[in-house]
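Beneath this line is the structure, given in structure tokens, with notes to follow.
Only the coordinates and a few stated rules stand behind these numbers; no lab work does. Bear in mind that the values here come from a model prediction, so they are computed numbers and not experimental data. Cβ coordinates were reconstructed from backbone atoms using ideal geometry, including for glycine residues, and neighbour counts include every protein chain displayed.
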Amino acid sequence: MELILLVPLWIIIFYIWYKWDKKRTEKKEYKKEHKKNIEKMIEVYKEEKKHIIAKEFNDKVYSVAITPDNKTLLVFFKYKDQYRRVLYDISTNKEIASFDTRDYLDYSVFNKDGDRVLYYGVGYNSADLCKTYSDETIVFLSQFGRLASIYKVLLNKKGNCAVTYSENDTVKIWDCDKIDHNALSSRSAKVKTTIKIQHSYSNSLLKFLNDEKNIFIVEKSKFGIYKLSGEKLATYKNRDGDFSCVAISSDEKYVATLVANNIEIFQITSFELITTIKQEGKVKKILINSNYLAVVFYKEIKFYTTDNFTHIKDSNISFKSLDDNRKLKPQFSQYENTIYI
């Protein structure tokens, strides 16, 4: 009788041990695989260097940013239950500083010197301008209202002027050296100019032009150039549908737009159409710099020369399929001929 009772007990104990061991093994495999992914991601940002600087990250990395001088790497991640930002010296692979942070401000934009950084999160109505190496808050860019979510931001070279593009069809230019004493927050920056647009959307483009004297603003099916005062200089309305993607060359000569699978190239000074390039297959994104137009598919990138926008033979790059949810999107680096994937 006792033996009969012991058999189910051993079965239960074995089952509990089996589930515990399986869970432990899965967790180890997850950490191992995720660590590999993180290491690959960091390697991309380190160009040809193969030193790994994020070995301890066994949890989710939300975003990675690099200062314009390519000396400091900023990683925003979740370790256990805590969200953190960590700064690394790229040349030595050593940690410079780390800070606990709020979980929703997961994107970073640096000024030219890299000593100021603007943190924001898509879908939230505020952004924080901080000192990069101390995380000290300089000012808040706070908006109020149900449709005030910030989609895009810009920060000028000096780090004292910011631009926000929001869900409520406004583009605001902020003076970060001045405090708005009428705002609810005692550290809120002062709004210099508000530009009203017609149709804002999250997959938009916001960019300084002409040595930060003008702003290029993209709406759902329209783009335009504005002065910082809000004066409209030129606009273009696409009548074939909404833009899937818009890109500007680094030399500010060309605007490339994607509608369906048709890519149109415009002269930026006059918005004159130069050429149309039709693609087969689903185009995920387009990129353009002074030398190349890159057409990004889910498993391949095709390159075109900006001399006459013809396809460069044997230049295609193949890779594993891009994840729609990943926040590190393909982009050209400051080195013009290097592309981050």
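Can you give the FRET efficiency for Y15 and K220, using 1/(1 + (r/R0)^6), R0 = 51 Å, r = Cβ-Cβ distance, to the nearest 0.05?
It comes to 0.35.
Net charge around Y124, counting only other residues with Cβ within less than 11 Å of its Cβ (Lys, Arg = +1; Asp, Glu = -1)? Walk me through the intermediate numbers first.
Working: positive: R102; negative: D103, D106, D128, E167.
Net charge around Y124: -3.
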P(r) of region 116-217 over all Cα-Cα pairs, binned every 10 Å from zero, in whole percent: 16, 52, 30, 3
Expected unfolding gain across N261-D242 under the 0.36 nm per residue rule, minus the alpha-carbon gap, is 5.7 nm
How large is ³J(HN,Hα), in whole Hz, for each residue of region 295-311 in order, when computed from phi with the Karplus curve 6.51 cos²θ - 1.76 cosθ + 1.60 and θ = phi - 60°, using x for Gly and Pro? 10, 9, 9, 6, 10, 7, 10, 9, 10, 10, 7, 7, 5, 9, 6, 9, 5
Neighbour net charge for R85 - beta-carbon separation under 9 angstrom, K R +1, D E -1: -1
Counting other Cβ atoms within 10 Å of each Cβ, which trypsin sites (Lys or Arg not before Pro) in region 216-312 have at most 16 and sit in a DSSP loop? K220, R239, K253, K282, K299
According to a simple spin-label model (label point 7 Å from Cα along Cα-to-Cβ), what is the distance in nm between T137 and T92? 3.1
Of K172/K222; K71/K282; K158/K222; K157/K284; K71/K227; K172/K237, those spanning more than 26 Å from alpha-carbon to alpha-carbon: K71/K282; K158/K222; K157/K284; K71/K227
Calculate, for T194 and V122, the FRET efficiency according to 1/(1 + (r/R0)^6) with r their C-beta to C-beta distance and R0 25 Å; round to the nearest 0.05. 0.80
Could you give each residue of region 104-109 its phi-based ³J(HN,Hα) in whole Hz, using Karplus coefficients 6.51, -1.76, 1.60 with θ = phi - 60°, and x for Gly or Pro? 9, 8, 9, 10, 9, 10
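Please go through region 188-294 and write out the chymotrypsin sites (Phe, Trp or Tyr not before Pro) that DSSP classes as loop and that have at most 13 other C-beta atoms within 10 Å.
Listed in order of number, the matching sites amount to none.
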Residues whose built amide H sits under 5 Å from the amide H of T132, excluding neighbours closer than 5 in sequence, are R116, V117
Using the Cα gyration tensor of region 217-261, with a ≥ b ≥ c the square roots of its eigenvalues, what is the shape: rounded (a/c below 1.5), prolate (a/b larger than b/c) or oblate (neither)? oblate
Calculate one ³J(HN,Hα) per residue across region 202-214 by plugging θ = phi - 60° into the Karplus curve 6.51 cos²θ - 1.76 cosθ + 1.60, and present them in order as whole Hz with x for glycine and proline. 5, 8, 9, 9, 9, 8, 6, 10, 6, 6, 6, 8, 10
The answer for Y83, listing residues at least 5 apart or on another chain whose modeled amide H is closer than 5 Å to its amide H, is T101
Report, by chain and number, residues whose modeled amide H sits under 5 Å from the one on N214, excluding near sequence neighbours (fewer than 5 apart, same chain). L209
